[in-house]
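Read the structure below first, then the notes.
The values are calculated or read from the model by the stated rules, or taken from the named source; none is laboratory data. Note that this is a predicted model, so its numbers are computed, not measured. With ideal geometry, Cβ positions are generated from the backbone for all residues, glycine too; neighbour counts draw on all protein chains shown.
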Amino acid sequence: MRYLFLFIAFITTTFTTGQIIDSLEREIAISIPNSKEHIDLLNELGYSLWIRNPRQSVENGKMAFSLSSEMSYLPGMARARRVEGVAHWALGQPKLALEKLTEAKELYANLHDTEGIANCTLNIGMVYADIGDLDSAIELYRKAITDFETLNLQVRVATTFTKLGMVYMQRQQYADAMNYFTNALKIHTVHDFTYGVSEAHSRLGELYLLQGDLGQADYHIRQSIINGRMVDDEDGLINNLIQMGKLQRLQGDLGLSEMHLKSALRRAREKHQNNYKLAAYQELKELKVRQGRLDSALLYSDSYIFLRDSVYSLDKSKQIAALEFKNEIKEKNLELDHLSDKNRSSRITQWILIAGIWIIGLLSFFLIKSLRIRNKNQKTLLSTQEKNSQTAIENQKLKQAELQQELDFKNKELTSYALNFVQKNELLESLEEKIKTLNASGSSSIPAYQLSELEKIIKLHRSTEKDWEDFKFHFDQVHTNFTQKLKTKFPSLSGNDLKVAILTRLNLSIKETAAILGISPESAKTARYRLRKKLDLFPEVDLFNFLFAL
């Protein structure tokens, strides 16, 4: 009873698509002739008919292309060629299908329509799969999947998964086929695409039958039939009838198996679907053997062999036609590449000549302009440098004058410090002499012990060493490294020699030098003479000038 219900479901599926087609025909009738809307409706109707009535689909595509060409309506032209392509494939004309689909793909490329390109890539892959060029089919399917994934068109990705799974099933790579069918079913279910769900269930049912899992095959075929009620896929309908018949034969339900297989054979004959006729003959032969009706089995076997030979010849002719088209495409591409290279080379030569002339002209212009600017800049630069040099010289002179003034001032300060040093010592010496006189006379009103204290204080402040260290500190600040240079060049100089050299550098007289050092003028003169000897100076060399130049 369950299978009878499913069979009745097959009968009712044809109404849904028929209603859609009727609706499109009514819209075409009321649309404005030669308008874009009219062209789009013609293409939509043609695409809806490519499985149900492929010859009419071809006519619709031709009409839409002609109208689109008159209006230079590129989207209409591209869609029309795609409609013609899939319809020619359905009619078993692979060469025409490839020609139209390739042209459609080029038109979509001119429109930068990635979705249109991907759809054509998928359809071309289906043609190659049909003629047995499975490697080309797989390559095209994968390219289509990449484009659909880039556009996030998951339903189209799932549809391509189903087609790719069919190729792997044909190659008996059942694990890969199972993976693609299962993923396709999941995606179609999520996006509620009934046709895709029905097709994925149908292919899974067929795969499970090949693997001998009748339970899973039963489930998926029934799900395909239930979902198929809402679409009018003649291919899917016939395929499901054949797979259901095979399943029922294996399950032992021979009556329903025969009913479904004969229904599939009748529909395949009406649609001239030789591949399904072959499958139906094969299954009916197996059924008749199972029923023990060998005469009927022999008849179906003869029909199968006769049709197989015919289909084999037809398939070969299809493959030859498709191969011719591939060769034509290769030759055309080679010619286009050669022409493109030649044109590119010619254009490159022209552009090089034009660019060369422009470059020479521009270089000449900029060279002349650059020379003028450089001459002007050089004159300006020379003038500026001359002014800057003059200013620098004046600034240097001013700076030298300032430094000399500062040095003279500091030398005067040092000289003044030295003279104060002398005067202080002379004053203290005078006071000391007076105190000694008062002590000796005993006539002073100041007690003797106080005079002794004063004498001690004076002796303490007459300590020349402390005054000398202060004086040397100030001298070294003005004449940096003088003492160090002198000691380095003449390491035999004593401390006294250095003192004499420092006082001579300040151009102090022998008397002033003697007072500062606390010696007699005669001793100061002797000290200067000893210093000249240690410095290895000739008599004509002035000691001050030598020390000044150090």
**Flag for Gln319 being assigned to a helix (DSSP H, G or I), closer than 19 Å to Gly132 by Cβ, at pLDDT 90 or above and not β-branched (Val, Ile, Thr)** = no
**Prompt:** Taking the stated definitions as given, is Leu339 modelled with pLDDT of 75 or more, of a type outside the set (D, E, K, R) and either more than 34 Å from the chain's Cα centre (by Cα) or under 30 Å from Glu106 (Cα atoms) (or both)?
**Reply:** no
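Per-residue answers, yes or no, for (1) among the hydroxyl-bearing types (Ser, Thr, Tyr); (2) in a helix (DSSP H, G or I); (3) modelled with pLDDT of 75 or more; (4) not assigned by TED's automatic domain parsing to the domain that holds Phe548:
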site: Ala440; (1), (2), (3), (4): no, yes, no, yes
site: Ser445; (1), (2), (3), (4): yes, no, no, yes
site: Tyr449; (1), (2), (3), (4): yes, yes, no, yes
site: Ile458; (1), (2), (3), (4): no, yes, no, yes
site: Phe473; (1), (2), (3), (4): no, yes, yes, no
site: Gln484; (1), (2), (3), (4): no, yes, yes, no
**Message:** Could you check the stretch 186-218 and list, in sequence order, the residues that are buried (at least 17 other Cβ atoms within 10 Å of the Cβ) and among the small types (Gly, Ala, Ser)?
**Reply:** Gly196, Ser198, Ala200, Ser202, Gly205, Ala217
**Item:** Scope the stretch 250-288; condition in a helix (DSSP H, G or I) and acidic (Asp, Glu); matching residues
**Value:** Glu258, Glu270, Glu283, Glu286
**Prompt:** When you go through Leu298, Leu307 one by one, which is the residue that is in contact with a helix residue (DSSP H, G or I) (Cβ under 7 Å, 6 or more places away or on another chain), modelled with pLDDT of 75 or more and not assigned by TED's automatic domain parsing to the domain that holds Ala137?
**Reply:** Leu307
**Asked** How many of the residues in the stretch 28-49 are over 22 Å from Lys100 (Cβ atoms) and touching a helix residue (DSSP H, G or I) at 6+ places or on another chain (Cβ under 9 Å)?
**Response** 6
**Prompt:** For Gln223, are the conditions met, namely being at pLDDT 90 or above and either over 51 Å from the mean Cα position of the chain (by Cα) or not hydroxyl-bearing (Ser, Thr, Tyr) (or both)?
**Reply:** yes
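Residue by residue, here is whether (1) in contact with a Cys (Cβ under 6 Å, 6 or more places away or on another chain); (2) modelled with pLDDT of 90 or more; (3) surrounded by 13 or more Cβ atoms within 10 Å (Cβ to Cβ) holds:
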position	(1), (2), (3)
Leu503	no, no, yes
Arg530	no, yes, yes
Val541	no, no, no
Ala549	no, no, no
**Asked** Does the stretch 494-514 contain any residue that is more than 60 Å from the chain's Cα centre (by Cα), more than 28 Å from Gln423 (Cβ to Cβ) and either outside any helix (DSSP H, G or I) or touching a residue at least 40 places away in the same chain (Cβ under 8 Å) (or both)?
**Response** no
**Fill in**
Ala418 meets each of (1) modelled with pLDDT under 70; (2) more than 30 Å from Leu550 (Cβ to Cβ) with one exception, condition (2)
**Complete:** When Gln404 is run through (1) among the polar types (S, T, N, Q); (2) at pLDDT below 70; (3) under 60 Å from the mean Cα position of the chain (by Cα), the failure sits at (3)
**Fill in**
Output for Cβ contacts, cut-off 6 Å, separation at least six or different chains, first residue at positive phi in the stretch 66-92, second crowded, with 24+ Cβ neighbours inside 10 Å, reads none
**Asked** Hey, does the stretch 8-27 have a residue that's surrounded by 13 or more Cβ atoms within 10 Å (Cβ to Cβ), in contact with a helix residue (DSSP H, G or I) (Cβ under 7 Å, 6 or more places away or on another chain), at negative phi and modelled with pLDDT of 80 or more?
**Response** yes
